[in-house]
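In what follows, a single structure is set out as C-alpha cells and then discussed.
The values are calculated or read from the model by the stated rules, or taken from the named source; none is laboratory data. What you are looking at is a predicted structure, and each value in this text was computed from that prediction instead of being measured. Using ideal geometry, Cβ is built from the backbone for each residue, glycine included, and neighbour counts are taken over all protein chains shown.
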Amino acid sequence: MFKFLINTADRAAVILSTLCLIHCFVLPIILITLPTLTSVAFFSDERFHAWLLYAVIPISAFAVVSGYFHHRNWYVVLITSIGMSILVSVAILGHAVFGDQGEVLVSVVGSLFVAYGHIKNFKTRKQLSQCHQATIKVCS
C-alpha cells in the first residue's frame with residue numbers, strides 16, 4: 001500500500017509539472033489567438049502558479065523523502081529540490097525580477113527538474129525492488 005502511495009505521488013508530481021509546462025507554453029498562444037478568454041481564464045492568473053505549488057510541494061516532498069528512505073539516492077533529492085526551489089523563487093519573485101519571458105523560461109526549467117527528479121525517483125525505487133526480488137529468488 002505504501003509503494004502505491006509513493007508511486008501515485010511521483011506520478012501526480014510529474015503530471016502537475018507537465019501541467020505547468022503546458023500552461024507556460026500553450027496559454028500565451030491561446031490568449032493571443034482568443035483574447036476574449038483573458039477575462040474568464042483562471043489559468044492566466046498568477047494564482048494558478050500558487051495553486052500548482054500548493055499541490056506540488058507536499059506531493060513532491062512526500063514522494064522524494066519516502067523514496068530516499070527506500071533507495072538512499074541523494075541525487076534524486078537534490079534534483080527535485082532544485083526544481084522546487086526554482087519554482088518557489090519564480091512564484092515569489094515573479095516577473096518583477098525575471099521579466100515575462102524570463103518567468104516562463106525559469107518556470108519551465110524548474111518544472112523539468114521536478115519532473116525528472118520524480119521519474120528518476122520512480123525508476124530508482126523500481127530498480128532497487130527488482131534487485132531485491134532477484135536476490136530473494138537466488139537465496140531461496
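Scan region 86-108 and tell me whether some residue there is over 13 Å from the mean Cα position of the chain (by Cα) and outside any helix (DSSP H, G or I). No, that holds for no residue.
For region 42-67, a tally of residues being in contact with a Phe, Trp or Tyr (Cβ under 8 Å, 6 or more places away or on another chain) and without any contact (Cβ under 8 Å) to a residue 40 or more places away in the chain returns 2.
Within region 36-52, being among the hydrophobic types (A, V, I, L, M, F, W, C) and either surrounded by fewer than 15 Cβ atoms within 10 Å (Cβ to Cβ) or at pLDDT 85 or above (or both) holds for Leu37, Val40, Ala41, Phe42, Ala50, Trp51. Counting only residues that are touching a residue at least 12 places away in the same chain (Cβ under 8 Å) and either charged (D, E, K, R) or not in a helix (DSSP H, G or I) (or both), which one in region 109-132 is surrounded by the most Cβ atoms within 10 Å (Cβ to Cβ)? The qualifying residue surrounded by the most Cβ atoms within 10 Å (Cβ to Cβ) is Arg125. Say whether the condition of being touching a Cys at 6+ places or on another chain (Cβ under 9 Å), at pLDDT below 90 and surrounded by 15 or more Cβ atoms within 10 Å (Cβ to Cβ) is met by at least one residue in region 18-27. No, there is no match, as no residue in region 18-27 is touching a Cys at 6+ places or on another chain (Cβ under 9 Å), at pLDDT below 90 and surrounded by 15 or more Cβ atoms within 10 Å (Cβ to Cβ).
Find all pairs meeting these conditions: Cβ atoms under 9 angstrom apart; at least six residues apart or on different chains; first residue within region 3-19 and under 8 Å from His118 (Cβ atoms); second residue among the basic types (Lys, Arg) and buried (at least 21 other Cβ atoms within 10 Å of the Cβ). What qualifies is Asp10/Arg125. Might you let me know whether region 60-69 holds any residue that is surrounded by fewer than 16 Cβ atoms within 10 Å (Cβ to Cβ), in a helix (DSSP H, G or I) and among the aromatic types (Phe, Trp, Tyr)? Yes - at least one qualifying residue is present in region 60-69.
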